[in-house]
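Here is the structure we will look at.
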Amino acid sequence: MMNLDNLFNNLLTSGRGLSTSETLRKLRILNTFHLVVIMTAPLLGLFYFYVGALVLFYVTILTGLLMIVSFLLLRKTKSLSLGANSAISILWAFLFLVSWNTGAITFEGVIHPTWILNASLILLAVLIMGYFHGSLWTMVLFVQTGIIVYLYQSRFQFPNLLPMETAALYHLGTFMIGFLVLVLFAFLFEREREEALLREEAKAQAFRESKKYLDDILERTPVATFIVDRDRRVVEWNPACQALTGISSSDILGKEAWEGFQMGQEGSLADMLLREPGAVEDRFRESILSKSESGWYEMDALLPHFKQGRRALISAGALVDETGAVKGAIQMVREVPGESLDGALSDSGQVNEAFVSPVYRVNARGEISSWNRGCEEMFGYPSNEIIGRNAAELVSTRHRALFEEAVTRAFQGETPGTKTWKCKHKEGKPVFVTAKVFPVQAGNGGEKECAVVNANVTDLAVRLIKSESEAAETKEKFKTLSEEHDLLKKNIASFIRKKEEQ
């Protein structure tokens, strides 16, 4: 029994197993239409043969055979448009020939009952292929009607192959069949409407469940997460965000992202992904930890307005719908524990003397404005000698352009990332440092400045230079040995050649 059900279902769906429910439903209707015409054609052909209308007998049998071809074509191509148009074309030609050979227009100009069946073809086209194809078939039937009316007005005598005694019953039967077909299509359209409502309700229910699931995830995740729409307004702000920033969701929803999450003048990373996604990689190349093919970024960067400047692990990506259109962006922020720029700066905006790492500040004129004890120990200059001097003079000429570029980018609100350059000690010896340059606001509310946090890597740099020197020396020795080896091979070859000549 199960095998028969599967076989029948396969027959009605043209063997198209993996497809949408809407497509399968239309395939079942179209294939059922084919099968009904194929099974009805022999019976109707016998009726025409019995009443002596041999032309209609042959037309009916040919219609059944063509319907079989159309059925097989639909199964082969799986194309609803091709299968429906071929079936409707065959039935339209059949109805036209039947109508033509049974009077086309009944006595006193009353419309022929087969025209009701023509109307059902339009409904079938709309049901299977939509309003566009339905409109095309409506135009075809209007043209056909115009031709018939023109011939009727010209007193053209349409042939009538039906005997007079059966004509009345035939037209009544044709009218009732057409009426029942129209009622059937009315039921089909009503069923389609109900199923469409159920599908929309199912989609709405799935959306509500998905939103609730997403809300639960955002509610329970310990990572600060917020979502902005394509107008860069906050639409989701989870409790972890509130705990990290001290701002409740009621105060931020519908507004732009909190300024503490801004990475520059363009706003947060989520804002930049909506405004200029291509510029993210160019501006923060050195801070990016990973990037996925879908455009999801993870980076270790400084948030200059978050706790007066603090490192954070930031993850963000655009949110798209099934068509690929960008609907918003999501961002996650995790604060990096350890020293931060807020520990390097005092409340007055000056460099914290107790901060372990060497830190100094540069103002908009390129002058050093603050200098902590760590800098005095690393570079040898006391603060009263260095403050007010051009900061670029501290860096060697070779690396000065790199230093100036990093400072310029910091004043533009960017975080250039970790840089390495060579500086000068007061005693003239080189000092190699890795430095991070951060944009900061002066403590007194004055002009913008940038802070340079340094780490001494002189020993590592010296060892690297020594290793490079040793590598170059080894390469030179290898080259000399290679030349001596080549000379030895030539001498041996010459010696062997002389021995052979003797």
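Of the residues contained in the stretch 101-118, none is found to be hydrophobic (A, V, I, L, M, F, W, C), at pLDDT 80 or above, surrounded by 13 or more Cβ atoms within 10 Å (Cβ to Cβ) and part of a helix (DSSP H, G or I). When the stretch 378-403 is filtered for residues that are open to solvent by 60 Å² or more (accessible area, probe 1.4 Å) and not aliphatic (A, V, I, L, M), the ones remaining, listed by number, are Asn384, Glu385, Arg389, Asn390, Glu393, Thr397, Arg398, Arg400. Summed over the stretch 245-288, the residues that are open to solvent by less than 20 Å² (accessible area, probe 1.4 Å) and either at positive phi or in contact with an Asp or Glu (Cβ under 7 Å, 6 or more places away or on another chain) (or both) give a count of 5.
Just give me the residues in the stretch 404-423 being touching a residue at least 60 places away in the same chain (Cβ under 8 Å), open to solvent by less than 60 Å² (accessible area, probe 1.4 Å) and over 15 Å from Thr434 (Cβ atoms), in sequence order. Correct list: Gly413, Glu414. Taking the stretch 12-29 as the range and being surrounded by 15 or more Cβ atoms within 10 Å (Cβ to Cβ) and of a type outside the set (Lys, Arg) as the test, the residues that pass are Leu12, Thr13, Ser14, Leu24, Leu27, Ile29. Of the residues screened, Gly146 is not one that is at pLDDT below 75 and either at positive phi or part of a helix (DSSP H, G or I) (or both).
Residues in the stretch 46-56 that are open to solvent by less than 80 Å² (accessible area, probe 1.4 Å) and touching a helix residue (DSSP H, G or I) at 6+ places or on another chain (Cβ under 7 Å) were compared, and the one that is nearest to Leu162 (Cα to Cα) is Val51. For Leu184, state whether it is under 30 Å from Val55 (Cβ atoms), open to solvent by 70 Å² or more (accessible area, probe 1.4 Å) and in a helix (DSSP H, G or I). Spelling it out, Leu184 is indeed under 30 Å from Val55 (Cβ atoms), open to solvent by 70 Å² or more (accessible area, probe 1.4 Å) and in a helix (DSSP H, G or I).
Can you say whether Gln242 is among the polar types (S, T, N, Q), within 27 Å of Phe411 (Cβ to Cβ) and open to solvent by 70 Å² or more (accessible area, probe 1.4 Å), as far as the supplied structure shows? Spelling it out, it is not the case that Gln242 is among the polar types (S, T, N, Q), within 27 Å of Phe411 (Cβ to Cβ) and open to solvent by 70 Å² or more (accessible area, probe 1.4 Å).
Out of Gly134, Gly146, I need the residue that is open to solvent by less than 30 Å² (accessible area, probe 1.4 Å) and among the small types (Gly, Ala, Ser). Which one?
Numbers: Gly146 fails: open to solvent by less than 30 Å² (accessible area, probe 1.4 Å).
Only one candidate passes the filter, namely Gly134.
Return yes or no: is Ala344 open to solvent by less than 70 Å² (accessible area, probe 1.4 Å), at pLDDT below 75 and more than 29 Å from the chain's Cα centre (by Cα)? So Ala344 passes the test. Please verify whether Ala325 is under 27 Å from Asn238 (Cβ atoms) and modelled with pLDDT under 85, treating the condition exactly as stated. Yes: the conditions hold for Ala325.
When Thr174 is tested against (1) in contact with a helix residue (DSSP H, G or I) (Cβ under 8 Å, 6 or more places away or on another chain); (2) hydroxyl-bearing (Ser, Thr, Tyr); (3) within 20 Å of Ser89 (Cβ to Cβ), only condition (3) is not met. No other residue among Leu188, Leu180, Leu161 is of a type in the set (A, V, I, L, M, F, W, C), over 24 Å from the mean Cα position of the chain (by Cα) and over 30 Å from Arg28 (Cβ atoms) apart from Leu161.
For (1) open to solvent by less than 60 Å² (accessible area, probe 1.4 Å); (2) without any contact (Cβ under 8 Å) to a residue 24 or more places away in the chain, each residue gets a yes or a no:
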{"site": "Leu7", "(1), (2)": "no, yes"}
{"site": "Asn31", "(1), (2)": "yes, no"}
{"site": "Leu44", "(1), (2)": "yes, yes"}
{"site": "Tyr58", "(1), (2)": "no, yes"}
{"site": "Leu66", "(1), (2)": "no, no"}
{"site": "Phe71", "(1), (2)": "yes, no"}
{"site": "Lys76", "(1), (2)": "no, yes"}
{"site": "Ser86", "(1), (2)": "yes, yes"}
{"site": "Ile90", "(1), (2)": "yes, no"}
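The values are calculated or read from the model by the stated rules, or taken from the named source; none is laboratory data. Here the structure is a predicted model, which is why all the values come from computation and not from measurement. Don't worry about glycine lacking a Cβ; one is built from the backbone with ideal geometry, like all the others, and counts go over all protein chains shown. These accessible areas exclude ligands, DNA and RNA; they are computed on the full protein's heavy atoms, side chains included. Shrake-Rupley method; radii C 1.70, N 1.55, O 1.52, S 1.80 Å.
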